[in-house]
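Inspection log for the structure reproduced underneath, given as structure tokens.
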Amino acid sequence: AQSVTQPDIHITVSEGASLELRCNYSYGATPYLFWYVQSPGQGLQLLLKYFSGDTLVQGIKGFEAEFKRSQSSFNLRKPSVHWSDAAEYFCAVVRDNYGQNFVFGPGTRLSVLP
Amino acid sequence: ETGVTQTPRHLVMGMTNKKSLKCEQHLGHNAMYWYKQSAKKPLELMFVYSLEERVENNSVPSRFSPECPNSSHLFLHLHTLQPEDSALYLCASSQDQQAYGYTFGSGTRLTVV
């Protein structure tokens with residue numbers, strides 16, 4: 001069975017600092033990989049996704065993620081965090097592009113200090 | 001606005017009440033989903049509808065009853081809920097049940113008292 005881990009429950013960074021959120025998955029083959037962001041009281045917004053091709057994926061709001069097959073990881077990065085980035089971030093995997101097969105990680109809550 | 005609209009945004013109901021959550025998508029998708037998001041738990045898939053037919057029910061208690069009258073609308077009818085059913089209920093839609101293009105609504109925050 002697939003599983004997704006996000007080792008950091010809560011991360012605090014200063015505004016302008018760089019950010020890396022970790023995501024590891026457990027699956028025999030390469031799944032489809034996603035990062036979502038959820039602001040308080042809101043639904044999930046897609047930041048970026050990896051299906052195939054270049055392992056460095058660019059997303060919205062200045063985020064990027066890198067797929068590393070050898071480490072079964074898909075870490076999310078941003079070079080300079082803005083206060084508006086404070087939110088919950090979810091990594092998700094799908095083994096076969098079927099929506100009902102999404103497996104979501106537990107989420108990482110990001111706080112941004114002024 | 002994401003193209004998937006959920007109403008109401010907040011709902012407080014007693015355990016003996018009957019209420020409904022509504023989801024509407026304006027994306028031309030033909031598959032719709034209900035998720036439950038509880039504190040400190042991963043997102044849980046509840047129901048999947050494709051072409052207005054229910055294709056998945058993840059062992060959800062019968063006090064939750066979904067309805068999909070057409071490909072643009074999805075309802076979740078609630079009755080005799082328990083306090084542990086308090087959660088954020090999220091609707092999503094996609095084309096042909098694909099994960100590509102999956103779009104979530106903003107959710108309904110449900111509190112059962």
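A short reminder: the numbers here are calculations on the coordinates, not readings from a lab. All figures in this text were calculated on a predicted structure; none of them were measured in a lab. With ideal geometry, Cβ positions are generated from the backbone for all residues, glycine too; neighbour counts draw on all protein chains shown.
Things worth noting here:
- Ellipsoid semi-axes in whole angstrom, largest first, where each is sqrt(5λ) of the Cα gyration tensor of the range B:18-57: 20, 13, 11
- Nearest-20 debye value, chain B charge dipole, Cβ charges on Lys, Arg, Asp, Glu: 480 debye
- Disulfide-incompatible cysteines by the Cβ rule (no partner under 4.7 Å) in the protein assembly as shown: B:Cys68
- Reachable lysines from A:Lys49, criterion Cα separation under 22 angstrom, eight or more residues apart if same chain: A:Lys61, A:Lys68, A:Lys78
- Considering only the Cα atoms of the range A:52-97, their convex hull presents on average a projected area of 4.1 nm².
- Options B:Gln98, B:Val112, B:Asn70, ranked by Cα towards positive dipole end of chain B, top entry (Cβ charges): B:Val112
- The range B:1-112, relative contact order [Cα under 8 Å, separation at least 6], %: 37 percent
- Taking the square roots of five times each eigenvalue of the Cα gyration tensor of chain A, the equivalent ellipsoid has semi-axes of 23, 14, 12 Å, listed largest first.
- GNM on chain A, alpha-carbon springs under 10 angstrom: the most fluctuating residue among A:Pro31, A:Pro40, A:Pro79 is A:Pro40.
- Take every pair of alpha-carbon atoms less than 8 Å apart whose residues are at least six positions apart; their mean separation over the length of chain A yields a relative contact order of 37 percent.
- Dipole magnitude of chain A about its Cα centre (Cβ charges: Lys, Arg +1; Asp, Glu -1), debye to nearest 20: 160 debye
- Using equal-weight Cα scatterers in the Debye expression, the normalised intensity of chain B in log10 at q = 0.15 Å⁻¹ is -0.58.
- Over 22 Å [Cα-Cα, the protein assembly as shown], rounded percent: 52 percent
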